[in-house]
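S.K.: Here it is, the structure in full.
The values are calculated or read from the model by the stated rules, or taken from the named source; none is laboratory data. Note that the structure is predicted; figures quoted are calculated from it, not measured. Cβ: placed from backbone, ideal geometry, glycine included. Neighbour counts: every protein chain shown.
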Amino acid sequence: MVINLIKRFFGRAFSALFRAKKELSLGFYGPPNAGKTSLANRICKDWTGEEMGSVSRIPHETRSVQIREKVEIEYNSRKLTLKLIDTPGIATKIDYEDFLKYGLGKKESQKRAKEATQGVVEAIKWLDDVDIVIVVLDSTQNPYSQVNITIIGNLIARKIPVLIAGNKMDLRKSDIRRIQSAFPEYDVVGISAKSGKNMKEFYEMLFRLAKKAG
């Protein structure tokens with residue numbers, strides 16, 4: 001009888017652990033305008049029919065963490081339930097004058113700069129709550145930047161499983177090989193979040209990444 005009680009107890013414990021692992025927290029990190037929200041929107045649209053957030057050519061359009069829970073994706077008869085955490089773009093310096101270039105007034109620019117700075121702090125705090133991370137980089141830009149190295153360095157220190165998505169591969173200046181050379185220790189997948197190009201390979205690598213979180 002005691003043995004049966006022990007078996008039931010541990011059975012429930014393992015079941016609870018399994019259920020807890022069923023939903024993984026997936027964070028999207030990267031510099032401003034790399035396409036983090038576009039990728040989060042693509043995943044949501046592919047599997048829920050709805051987008052997650054707004055995008056804009058103006059940097060720091062996403063200035064606070066956005067969350068979408070219980071997004072279930074499927075690939076090769078495997079299912080994965082994700083909590084998507086779309087974070088503001090990480091920047092080492094945010095100047096309100098940068099927003100003036102896009103036609104915003106001084107007051108609005110100062111407000112955006114303040115919100116964007118707070119968003120960076122919030123994004124960093126969320127690193128304590130993510131299981132896996134997609135680092136989204138603009139594949140038309142030089143990957144050897146202080147921001148990118150800082151982001152990757154923080155993830156290494158925290159031992160968080162990472163997949164790098166080289167976005168905007170539909171553009172002529174895209175060069176996925178530069179990203180692969182910059183961060184050879186990580187898996188890199190080239191995608192276009194806007195057009196959906198190469199998303200099949202992205203999902204395959206996402207499932208592979210999820211295994212590392214276990």
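S.K.: How many of the residues in segment 71-94 are modelled with pLDDT under 85, surrounded by fewer than 20 Cβ atoms within 10 Å (Cβ to Cβ) and under 19 Å from the mean Cα position of the chain (by Cα)?
M.R.: 2
S.K.: Return only the number of the condition from (1) over 24 Å from N41 (Cα atoms); (2) of a type in the set (S, T, N, Q); (3) out of contact with any Ser or Thr (no Cβ under 8 Å at 6 or more places or on another chain); (4) modelled with pLDDT of 75 or more that S109 does not satisfy.
M.R.: (4)
S.K.: OK, next. Six or more apart or on different chains, Cβ atoms under 7 Å: show the pairs whose first residue is in segment 180-203 and within 15 Å of Y75 (Cβ to Cβ) and whose second is among the aromatic types (F, W, Y).
M.R.: Note: pairs meeting the criteria are V189/F202; I191/F202; Y203/Y75.
S.K.: All but one of (1) among the polar types (S, T, N, Q); (2) free of Cβ contacts under 8 Å to residues at least 60 places away in the same chain; (3) in contact with a strand residue (DSSP E or B) (Cβ under 6 Å, 6 or more places away or on another chain) hold for N167, so report the exception by its number.
M.R.: Checking N167 against (1) among the polar types (S, T, N, Q); (2) free of Cβ contacts under 8 Å to residues at least 60 places away in the same chain; (3) in contact with a strand residue (DSSP E or B) (Cβ under 6 Å, 6 or more places away or on another chain), the one that fails is (2).
S.K.: Go through (1) farther than 25 Å from E23 by Cα; (2) aliphatic (A, V, I, L, M); (3) surrounded by 18 or more Cβ atoms within 10 Å (Cβ to Cβ); (4) modelled with pLDDT under 90 and name the single condition L104 misses.
M.R.: So L104 meets the others, but not (3).
S.K.: Do you know which residues across segment 116-151 are crowded, with 17+ Cβ neighbours inside 10 Å and among the acidic types (D, E)?
M.R.: D131, D138
S.K.: May I pose another question? Among (1) in contact with a Ser or Thr (Cβ under 6 Å, 6 or more places away or on another chain); (2) over 17 Å from Q66 (Cβ atoms); (3) modelled with pLDDT under 95, there is one condition S174 misses while meeting the rest; what is its number?
M.R.: (3)
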